[in-house]
Structure formats: structure tokens, C-alpha cells
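Take a look at the structure below.
The values are calculated or read from the model by the stated rules, or taken from the named source; none is laboratory data. Note that this is a predicted model, so its numbers are computed, not measured. Backbone-built Cβ (ideal geometry, glycine too); neighbour counts: all protein chains shown.
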Amino acid sequence: MNELVVVLDFGGQYSHLIARRVRECGVYCEVLPHTASSQAILEKQPRGIIFTGGPSSVYAADAPLCPPEILDLGIPILGICYGCHLIAHLAGGRVGTAAVGEYGRTSLTVAGGPLFDGVPERSVCWMSHKDYVAVLPPGYRTAAQTDDCPHAAFENTKKGVYAVQFHPEVEHTAYGEQVLRNFLYRICKCDGGWEMGGYVRRTVTALREKIGDKKVLCALSGGVDSMVAAVLAYKAAGKQLTCIFVDHGLLRKEEAEQVARFCTTEFDMHFIRVDARRQFLDKLSGVTEPEAKRKIIGEEFIRVFEAEAKKLGAVSFLVQGTIYPDVIESGVGNAAVIKSHHNVGGLPDVVEFDEILEPLRLLFKDEVRQAGLELGLPEALVWRQPFPGPGLAVRIIGEITEDKLEILREADAIFREELERTGLHRSISQYFAVLTNLRSVGVMGDFRTYDYTVGLRAVTTSDFMTADFSRIPYEVLEKVSGRIVNEVRHVNRIVYDITPKPPATIEWE
């Protein structure tokens, strides 16, 4: 690429989402740790630098910092949230704890400046902070404010340094994309040119060089992430690739059969289905803690792949469909661990492969789908409902049993069937049923029941880092509820989850 923007990561949950948005604007970017030296940054010859948010306070003893001289490199800088505080702190301003924190949608009043070209005077932004800039550094002016944050944005146009307290990278900031575009194109003078076709070509080339003539095993779940990773590996390695589909007993209704049919008819890959249902369920017996479930599943996956690799002989690489949200939520750098993903934080310490290859590690879900279309995958697969690697284990609260799995499979199948029948499935990013550990009193006919509560979850999102609950019509929810209670044994109550992400995650565990 001829141009680059550096995203300097201070450990925020949205750090890589910023990179995602920059690429979405057509500009290539790389994420570097906040410990990168000024020299290392200069060697990349970036058009601009973005300081991310983070969970720390700049005045804390262990606060992540960067070299103060970075503000004097002559490279345009945009600080976001913690990055905003850091700019104020490094430049001689004062950051303190606000009397009132701001979380969620907040009304923003813009005073002007190049960062806000095309943004109306009043708009809505997404805030997530308790600290705030109390006193601006010398030479800086306020560019925007809210009712509780007097310096919600500020700038020093001579230095080319800009800062915003809000998060322009999240969907809920109405003109966030415009703010980023103004920084990239008006302030950094970028030309654009980053697109998914180029990423796919570069990734295939890099995989081919890495793999050479060695054997590769791909962890294939049948979902869009693992399938796109498999096709990328297949284009790089051809017949050296073997795809392993592990039936761990935690799949949706008829999932294993559908995956096997699809893989053997659509692609000319070496495909092996491993029945490991008993192995996984035995290991999960009696386990109720979500993180423990994920780590057990992650380790068992690896052990199955290692066993299959030994049968194949001399397999050097394992390919898996890890994507950015998996990495971020499992904790990266200073980022807090939200939940360990089975293919990231759930991996065992010792893995019997030379290397694990993750060709999608830098992509978000919508980018993975773009890559799938670039690779020629059919739309039916590209738009398939996301399904976590731990499967129904993270959709059953408490202990996992075969009886609970059967209840959840049937309830989930009804929910998905009704949304597909009404045509709502394409407008909802992810939808599924959850079997709670709650049992309550009900009545069916003249009889008292004491059975499970099923939760329904449906969200809309483009990046899976933030999400809002879907406004499913009441009549559809009524039909789903009636069918589940009448057709699925041991369920007498249905609830609908109306919590956005954050504060919730999309999955329940």
C-alpha cells in the first residue's frame, strides 16, 4: 500500500474497531502497541496516527503512555476517549474525574473546525467515560461539548492534533464516519484505495509462502469464518489441505448433516467428519462456569485435531477462523477479558503443530463476508447465521446435559424457522434461543408445571463489537412463544432479551 495510518493501541475494547472503520473508509491501517517508539512509527511513514481508547486513567501510576515527542512529529494525530485524555495530559492540560460520567447516547454540540466539516451543530454521539479533560493544554481550543463534558472535542490545527471524548468508530455516533473521513482525507490527505480484493490476494500469497510444500489441517465448523479461512488455505495449499469437522455434540438441529452435505458438494476439499460427541460431553459433565466450559472445549478441539493430524502424518499447520472480535474479547495487550473464545483464550498452553495460521485475524464479521464473496462462496453460506465454536454450550446456562441440549435444539430450530418464514432473518444479524437455568411455575390445561424458561436473543450489528436488540414484531414473538411451549417438552415460559451490547454481550455466556 502507498499510504498508511497507524492506530496506536492503548488497550480499549474498541481499539481494533477503529482500525476496521479506517479500512472501511478506504484507507489501509496497522495497529501498533502504545509502547512503539517514535522511530518505529516514523519508519512506517504514516499519513496519520490515531490514539485509541483504553480502560486506564492517565493520572494512574501504571497508565499506558507513549513518547511525548509523538505530538511534535509533524504527523496528524487523532485521540479518541483515553487517547483524548492522553493528548491533554502530554500537552500540559489537566484530566480529572467528572462529577457525572457519560455512558451511551449523548447529545453533542459542535463549535466547528476541520474535524467536523459536514457535521451539524447538534447531533448524537456515543460516550463511555468517567474521566474528562478539565483544563485544555496551551494552544488548544474546544471544538465540541456536551451538557456534562465542556471539552468533548478539542484541536490544535497548527500542530495537526485533534481529540474527541466520544467514540466516532461505533455505529451509534450519528456522524462518526464523517469525523473519521475528515481526519483521513481532509487532515491526513489520504488518497484511499484499500479494498477486500487486495486483502484476499495478499493473504493467499502470504499463506502460500508460509505453507510451502507442507501439510495443513483446517478446523472447519461450517460457519462463514471457518469456511472462508478454509477456502483461503485451499487456494494457497490445494490438496495439501485437509478439513476436519468436529461433531462435538453441541451443534444445532441437523447441523452436522448440513455441513457435511455442503462441504462435499460445493468444494473439492479433503473433508473428514469426526464424531467426538461423547468425548466433549464427558469432559463438560458437571461444569457450570462459562470460562471453564470455553477452555475445556478449546482444549478438546485441539486434542481432536492433534489426533487426526497424527493419522494423516507430518501435519505442520493448523488453520482456524479466528476473527478480530474473538481476539479483542479474549483480552489483548491491556484490554480487559470479556470472555475467552475457544480458539483464542481457550487454547491450551501446548499445541502439537508448528504454527496456528489465522488468515482472518484482522477482519471483522462483515469484512469476512466480503472476503467470502470475493472468493466466490455462495451467498447462502456467506450470510449463514453466526454460530460460536463452543456451540450450544454457551447457550445453556449451568450444567450441560443431553436432555438440555435436546430442549434447546428444538426451541432454537423453531425460532430460526419462524424468522426465516416471515423473511426477517436477513434484517437480523444474529438470532438464537438460550436455555436458562431458571425453572418456574406454569399451568397447562388443569395441571401445574415446573419447567424451564427459554430466552430468545436477536440483534442487529455490522461489526459485532456493538449491537442493538432487534425489534421483532409482537405477533412473530407470539407465534414463536406459542410453538416452543406447545412443541418442546419441559419449557413453560419464554422471555425476549432487549439488552444492547454493551452492557451485555451477544451470547449469554
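Computed quantities for the displayed model
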item: Options ARG105, ARG94; residue that is surrounded by fewer than 18 Cβ atoms within 10 Å (Cβ to Cβ), farther than 22 Å from GLY160 by Cβ and either without any contact (Cβ under 8 Å) to a residue 40 or more places away in the chain or over 27 Å from the mean Cα position of the chain (by Cα) (or both); result: ARG94
item: Selected residue (criterion: nearest to ALA174 (Cα to Cα)) from residues of region 114-144 that are in contact with a Phe, Trp or Tyr (Cβ under 8 Å, 6 or more places away or on another chain) and among the small types (Gly, Ala, Ser); result: SER123
item: Any hit, region 458-472, residues being modelled with pLDDT of 90 or more, surrounded by 11 or more Cβ atoms within 10 Å (Cβ to Cβ), under 24 Å from LEU251 (Cα atoms) and in contact with a His (Cβ under 7 Å, 6 or more places away or on another chain); result: no
item: The one condition in (1) closer than 20 Å to ILE77 by Cα; (2) part of a strand (DSSP E or B); (3) basic (Lys, Arg) that ARG105 fails to fulfil; result: (1)
item: Subset of region 150-164 [polar (S, T, N, Q) and surrounded by 19 or more Cβ atoms within 10 Å (Cβ to Cβ)]; result: ASN156
item: Looking only at region 304-329, and only at residues there that are in contact (Cβ under 8 Å) with a residue 40 or more places away in the chain and among the charged types (D, E, K, R), the one that is farthest from ALA467 (Cα to Cα); result: GLU308
item: Residue within region 205-214 that is crowded, with 21+ Cβ neighbours inside 10 Å and either over 20 Å from ILE70 (Cα atoms) or free of Cβ contacts under 8 Å to residues at least 24 places away in the same chain (or both) present; result: yes
item: Filter result (assigned to a helix (DSSP H, G or I) and hydrophobic (A, V, I, L, M, F, W, C)) within region 249-271; result: ALA256, VAL259, ALA260, PHE262, CYS263
item: Every residue from region 137-149 that is under 30 Å from PRO502 (Cα atoms) and either hydroxyl-bearing (Ser, Thr, Tyr) or surrounded by 20 or more Cβ atoms within 10 Å (Cβ to Cβ) (or both); result: THR142, ALA143, ALA144, THR146, CYS149
item: Selected residue [out of contact with any Leu (no Cβ under 9 Å at 6 or more places or on another chain), in contact (Cβ under 8 Å) with a residue 24 or more places away in the chain, under 22 Å from ASP412 (Cβ atoms) and not in a helix (DSSP H, G or I)] from VAL274, VAL287, VAL246; result: VAL287
item: Helices (runs of 4 or more DSSP H) wholly inside region 170-239 containing at least 1 residues that are basic (Lys, Arg) and farther than 30 Å from LEU312 by Cα; result: 176-181
item: Residue selected from region 1-30 under the condition part of a loop (DSSP other than H, G, I, E, B) and among the polar types (S, T, N, Q), by the criterion surrounded by the most Cβ atoms within 10 Å (Cβ to Cβ); result: GLN13
item: Single unsatisfied condition, GLY74 versus (1) in contact with a Leu (Cβ under 7 Å, 6 or more places away or on another chain); (2) exposed (fewer than 14 other Cβ atoms within 10 Å of the Cβ); (3) not hydrophobic (A, V, I, L, M, F, W, C); result: (1)
item: Among (1) farther than 23 Å from ALA371 by Cα; (2) under 21 Å from the mean Cα position of the chain (by Cα); (3) among the aromatic types (Phe, Trp, Tyr) - the single one TYR199 does not satisfy; result: (1)
item: Candidates VAL434, VAL476, filtered to the one that is out of contact with any Gly (no Cβ under 7 Å at 6 or more places or on another chain) and among the β-branched types (Val, Ile, Thr); result: VAL476
item: Scope region 297-324; condition assigned to a helix (DSSP H, G or I) and aromatic (Phe, Trp, Tyr); matching residues; result: PHE301, PHE305, TYR324
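Let's see how each residue does on (1) in contact (Cβ under 8 Å) with a residue 40 or more places away in the chain; (2) assigned to a helix (DSSP H, G or I):
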site: ILE400; (1), (2): yes, no
site: ARG439; (1), (2): no, no
site: GLY442; (1), (2): yes, no
site: ARG448; (1), (2): no, no
site: VAL480; (1), (2): yes, yes
site: ARG493; (1), (2): yes, no
site: ILE498; (1), (2): no, no
site: THR505; (1), (2): yes, no
site: GLU509; (1), (2): yes, no
